[in-house]
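The values are calculated or read from the model by the stated rules, or taken from the named source; none is laboratory data. Values in this document were obtained by computation on a predicted structure and should not be read as measured data. No Cβ is skipped: glycine too gets one built from the backbone with ideal geometry, and neighbour counts run over all protein chains shown.
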Amino acid sequence: MNEELKVLAHKIVDSISRKVKKTSLTDFYKFESSISIGAGGDVTKFIDKLAEDVAIDILDKSKIKINLLSEEAGFINGRYKYTFVLDPIDGTRNAYRGIPFYAVSLAIGKSKMSDVEYAIVKNIPTGDTFTAEKGHGAFLNKKRIGVPEVPHKEPLSSLALGINFDKVTISLAKKNKVRSLGSASLEMCMVAIGALDFYVIGKEYIRVIDIAASTLILKEAGGFVKNIYGEELDLPFNLDERSSVVAACSEELIKKIISQH
């Protein structure tokens, strides 16, 4: 991976983090304000637009040319070799409700998840930064990470509940100790460090911007990511296709989960 691209990616992630933290000190009450409807069809909140504008401004001023796929702006296609797949704020509701578990997620690839070569997920409130480069491992704050060889004797999971529940997640919720944390990229990174044993979204509503970076991080940490049918995830770089997600520390655990579908 070109070092200049990685430097640019980190500049965007760190700049978004600084801007959001600074703005939260004076204009936190604005974070929940609805601005428009984003390219993906969801309501754009003030905090989403604030974060994305930082990235676009940096890219506009950069001599390095790269495509951008982002939640609000959609696909800004300059027909360059690489694309930044960006979720400016993953966990928007957590952010505007004051729950310190939300992130900026950025992946670098060409056209689909399987060719992502570099990834960053930064927990904005804490500053914890997960990174991975294809074939070179995964790291938390520059220290190598890896999933445990076997799940904990009392498995802990994060599941999509509430309005997004399905029969698999309800079944799992009855059998395991459960959390529902509200930021897909960070929840998958929690699996990568062994804080969670697995993460499940049973319904097909996760988009590539949500998980492109965290999928590489988890895989480079030795974990596994499938859909609810046990198929490899390889979403293309667009905002149209959606998927279920089963992320775990072992393939055996994934097989047990999908067998309940």
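Go through E52, E72, E32 for me and flag whichever is in contact with a Leu (Cβ under 8 Å, 6 or more places away or on another chain), acidic (D, E) and either crowded, with 20+ Cβ neighbours inside 10 Å or touching a residue at least 40 places away in the same chain (Cβ under 8 Å) (or both). Unique residue meeting the criteria: E52.
Checking the conditions here, which among I193, I211 is out of contact with any Leu (no Cβ under 7 Å at 6 or more places or on another chain) and not assigned by TED's automatic domain parsing to the domain that holds S114? Outline the logic, then answer.
Details: I193 fails: out of contact with any Leu (no Cβ under 7 Å at 6 or more places or on another chain).
Every option except I211 fails the conditions.
Hey, among I124, I99, I120, which residue is among the hydrophobic types (A, V, I, L, M, F, W, C) and farther than 18 Å from A213 by Cα?
Working: I124 fails: farther than 18 Å from A213 by Cα; I120 fails: farther than 18 Å from A213 by Cα.
Answer to the selection: I99.
Need at least 1 residues that are more than 22 Å from P236 (Cβ to Cβ) per element, so show me which strands (runs of 3 or more DSSP E) inside the range 42-138 make the cut, counting only ones lying wholly within it. Show your work before the answer.
Working: elements: 43-45, 67-70, 74-76, 83-90, 103-109, 118-123, 129-133.
Passing ranges, in order: 43-45, 83-90, 103-109, 118-123, 129-133.
Return a yes/no flag: does the range 75-90 have any residue that is of a type in the set (G, A, S), out of contact with any Lys or Arg (no Cβ under 8 Å at 6 or more places or on another chain) and either surrounded by 14 or more Cβ atoms within 10 Å (Cβ to Cβ) or in contact (Cβ under 8 Å) with a residue 12 or more places away in the chain (or both). The answer is no; no qualifying residue exists. Only one entry in I257, I228, I209, I217 is of a type in the set (A, V, I, L, M), part of a helix (DSSP H, G or I) and over 14 Å from the mean Cα position of the chain (by Cα), namely I257. Tell me which residues, restricted to the range 34-52, are farther than 20 Å from P125 by Cβ and more than 17 Å from the chain's Cα centre (by Cα). If the condition is that a residue be farther than 20 Å from P125 by Cβ and more than 17 Å from the chain's Cα centre (by Cα), then S34, I35, S36, I37, G38, A39, G41, V43, T44 are the ones that fit.
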